[in-house]
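Step one of this worksheet: look at the structure below.
The values are calculated or read from the model by the stated rules, or taken from the named source; none is laboratory data. If you're wondering where the values come from, they're calculated on a predicted model, not measured in any experiment. Cβ: placed from backbone, ideal geometry, glycine included. Neighbour counts: every protein chain shown.
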Amino acid sequence: MRVFIEKSGLSGGPRAFKDRIIDQFNISDEVKVVHNGEFDVELAFIRSAKKHNKPVVLRLDGCYYEKGRLGGNKAIKKSIKKADRIIFQSNFSKKMIHKLLKISNDKMLNSSVIYNGIDLDHIESIKPKYKKIPMSFVCAASWRKNKRPMSIVKGFLDADIKDSVLYVIGKDFPKKIKDKRIKYLGDFSKRDVISVFKSCNYLIHLCHIDSCPNVVVEALSCNMLVLHTNLGGTRELVGQHGVELSADKWAWNFIQSISDDVSRSLVSSGINKIISMKSKNIDVTRLSIKSCADRYVSLMREVV
């Protein structure tokens, strides 16, 4: 089966997952990924790439919900109309698009939820970057307000955990509070991010809405517990392997903007709660990119 996937486009988390699943397709006997020429089906990410009369399987994250960015939803709705099958990142993503973009029930019924995956053999091959200490925390993002960078740092400091460390990975961190317990590492390669994760026991992920964050998939694959907020698909990934903070209220409507203002006491209490949890071995097989890709292939075959 020849699968057309647009070569360019996307950035951040969507690009990372796209690259991962293409790598998996490329070692499969069932799929040949093409970027031009003849093909049997298009696998589109967020929006369909070009005009053609072949089937389209559309993979969607979520949609734009901040009032200053709603123009981006026009292309998403157009792609949904064209799609023969839709893959959502999470049940939250599915509900979000249904409610905000007013997609028909018929279209939603012809859809599936497939969580992001990761190459577990690759994860296994990476060694920890630092010596792991019991109270080791990490957060990682391309930092914007919706990722709540200052809420993470201030909440961590307020928790005042003895012999603790917080590694901060990613570019554009807004304000670096100086404290010997906080290590600002800047931008890292994907491999180095995993090596830091393998040096830690806890991920702090306070993003306002993330449909299926790769950083959480990566953390779980490294057997970390996750402190997270209550909106988005993160809770579906984490399950019993973390602590959820009731930080946000949302009425499934468009909002003006997102603020980095999660209560410091809420974050610090969540940190104290997560370190009291008994560590459990996580069933990482559910995070396998191979299993994820196999489900994609099965759905594409249904429409060809």
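Summary table
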item: Residue list for the range 135-156, filter: among the hydroxyl-bearing types (Ser, Thr, Tyr) and out of contact with any helix residue (DSSP H, G or I) (no Cβ under 9 Å at 6 or more places or on another chain); result: Ser136
item: Failed item, numbered, when Asp121 is tested on (1) at pLDDT below 95; (2) outside any loop (DSSP other than H, G, I, E, B); result: (1)
item: For Ser142: the one exception among (1) in contact (Cβ under 8 Å) with a residue 60 or more places away in the chain; (2) touching a Lys or Arg at 6+ places or on another chain (Cβ under 9 Å); (3) within 16 Å of Cys222 (Cβ to Cβ); result: (3)
item: Residue match in the range 256-269 (condition: in contact with a strand residue (DSSP E or B) (Cβ under 8 Å, 6 or more places away or on another chain), basic (Lys, Arg) and at pLDDT 90 or above); result: no
item: All positions within the range 254-266 that are among the β-branched types (Val, Ile, Thr) and in contact with a Phe, Trp or Tyr (Cβ under 7 Å, 6 or more places away or on another chain); result: Ile255
item: Residue, farthest from Ile289 (Cα to Cα), within the range 71-93, restricted to residues that are of a type in the set (D, E, K, R) and out of contact with any helix residue (DSSP H, G or I) (no Cβ under 7 Å at 6 or more places or on another chain); result: Lys74
item: Condition met for Phe137 (assigned to a helix (DSSP H, G or I) and within 17 Å of Leu185 (Cα to Cα)); result: no
item: Of the criteria (1) surrounded by fewer than 21 Cβ atoms within 10 Å (Cβ to Cβ); (2) touching a Leu at 6+ places or on another chain (Cβ under 7 Å), which one Met224 fails; result: (1)
item: Residue in the range 157-171 that is touching a helix residue (DSSP H, G or I) at 6+ places or on another chain (Cβ under 7 Å) and part of a helix (DSSP H, G or I) present; result: yes
item: Failed criterion for Asn116 (all others in (1) farther than 28 Å from Asp23 by Cα; (2) surrounded by 18 or more Cβ atoms within 10 Å (Cβ to Cβ); (3) among the polar types (S, T, N, Q); (4) under 19 Å from the mean Cα position of the chain (by Cα) hold); result: (1)
item: Members of the range 197-221 found to be crowded, with 24+ Cβ neighbours inside 10 Å, part of a loop (DSSP other than H, G, I, E, B) and aliphatic (A, V, I, L, M), listed by number; result: Leu206
item: Hits in the range 227-252 (condition: buried (at least 21 other Cβ atoms within 10 Å of the Cβ) and of a type in the set (Ser, Thr, Tyr)); result: Thr229, Thr234
item: Residue check for Asp283: surrounded by 13 or more Cβ atoms within 10 Å (Cβ to Cβ) and either more than 18 Å from Val216 (Cβ to Cβ) or of a type in the set (D, E, K, R) (or both); result: no
item: Which listed residue is surrounded by 14 or more Cβ atoms within 10 Å (Cβ to Cβ) and in contact (Cβ under 8 Å) with a residue 60 or more places away in the chain, from Ile182, Ile255, Ile194; result: Ile194
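Yes/no matrix, rows are residues, columns are (1) assigned by TED's automatic domain parsing to the domain that holds Lys162; (2) touching a helix residue (DSSP H, G or I) at 6+ places or on another chain (Cβ under 7 Å); (3) farther than 22 Å from Ile161 by Cα:
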residue: Thr229; (1), (2), (3): yes, no, no
residue: Val238; (1), (2), (3): yes, yes, yes
residue: Val243; (1), (2), (3): yes, yes, no
residue: Ala247; (1), (2), (3): yes, yes, no
residue: Leu266; (1), (2), (3): yes, no, no
residue: Ser269; (1), (2), (3): yes, no, no
residue: Lys273; (1), (2), (3): yes, no, no
residue: Met277; (1), (2), (3): yes, no, no
residue: Val297; (1), (2), (3): no, no, yes
